[in-house]
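The values are calculated or read from the model by the stated rules, or taken from the named source; none is laboratory data. Just so you know, these numbers come straight off a predicted model, no measurement behind them. In this analysis, Cβ positions are derived from the backbone assuming ideal geometry, glycine residues included, and neighbour counts consider all displayed protein chains. The area values use the complete protein model at the heavy-atom level, side chains included, leaving out ligands, DNA and RNA. Shrake-Rupley method; radii C 1.70, N 1.55, O 1.52, S 1.80 Å.
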Amino acid sequence: MTEPAPARAEAARDRVPRRAARVAVLDPDGAVFLLRYDNPEVGRHWAMPGGGLEGDETPREGAVREAREETGWTDVEPGPLLCTWEHDFTRGDVPVRQHEHIYVAHAPHRPLSGDLVAAHRADGILDGRWWTPAELAATDEALWPPQLPALLAELRAHGPADPAPDLGHVPNGPRRTAG
């Protein structure tokens, strides 16, 4: 259920706006690589590698940098835009409303590369893994964005949408801390 417009406007005023980008890294069989984050406001959830933009960085530049910092992969090249969306969470002690661009990239199925322990600890990343389309469609774990299985199914069936969908503001679902 969507929040009424006045409630959304009030919630947005109470949050710091943040621009971000992520990459849906797909292997040759269509599996997507996700990282498991733990956030004090929304709990544990799975999301694609990515994060906040720096300075005048474009979303595409930020997606490349963030993918490299969180996976160690230096050859991820974002392709088409999968979607944009906004969501709320707490970064440090600051409540933010994050506007994200999510790109699609193709890469080999492989493990993370390099020493990422300190970077993952700083970002609240617990672990990461490849998800097959069937696993993604069947999970009851929290995903960012929650529409990710449908977005990737649509991409597999019809290719990238032009223009890419804008999901708007997606309210947080139930907080998940176990698992």
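What the table below lists for this structure:
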{"read-out": "Odd one out for His120 among (1) at pLDDT below 95; (2) open to solvent by less than 60 Å² (accessible area, probe 1.4 Å); (3) in a loop (DSSP other than H, G, I, E, B)", "value": "(3)"}
{"read-out": "Count of residues meeting criterion [touching a strand residue (DSSP E or B) at 6+ places or on another chain (Cβ under 8 Å) and open to solvent by 30 Å² or more (accessible area, probe 1.4 Å)] in the stretch 24-35", "value": "1"}
{"read-out": "Some residue of the stretch 99-117 being more than 17 Å from Val25 (Cα to Cα), open to solvent by less than 20 Å² (accessible area, probe 1.4 Å), in contact with a Lys or Arg (Cβ under 9 Å, 6 or more places away or on another chain) and assigned to a strand (DSSP E or B)", "value": "no"}
{"read-out": "Some residue of the stretch 145-163 being among the acidic types (Asp, Glu), out of contact with any Leu (no Cβ under 7 Å at 6 or more places or on another chain) and under 21 Å from Glu61 (Cβ atoms)", "value": "no"}
{"read-out": "Tally of residues being among the aliphatic types (A, V, I, L, M) and assigned to a strand (DSSP E or B) across the stretch 73-91", "value": "2"}
{"read-out": "Filter result (of a type in the set (Val, Ile, Thr) and either over 28 Å from Arg156 (Cα atoms) or over 15 Å from the mean Cα position of the chain (by Cα) (or both)) within the stretch 73-101", "value": "Thr74, Val76, Thr90, Val94, Val96"}
{"read-out": "Candidates Leu151, Leu167, Leu126, filtered to the one that is of a type in the set (A, V, I, L, M, F, W, C), outside any strand (DSSP E or B) and either within 17 Å of Ala24 (Cα to Cα) or within 15 Å of the chain's Cα centre (by Cα) (or both)", "value": "Leu151"}
{"read-out": "Only listed residue being in a loop (DSSP other than H, G, I, E, B) and either at pLDDT 95 or above or under 14 Å from the mean Cα position of the chain (by Cα) (or both), chosen from Glu70, Glu41, Glu57, Glu3", "value": "Glu57"}
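Results for (1) over 22 Å from Val16 (Cα atoms); (2) open to solvent by less than 20 Å² (accessible area, probe 1.4 Å), shown as yes or no for each residue.
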| site | (1), (2) |
| --- | --- |
| Gly50 | no, yes |
| Asp56 | no, no |
| Arg60 | no, no |
| Thr71 | yes, yes |
| Thr74 | yes, no |
| Leu82 | yes, yes |
| Glu86 | no, no |
| Gly92 | no, no |
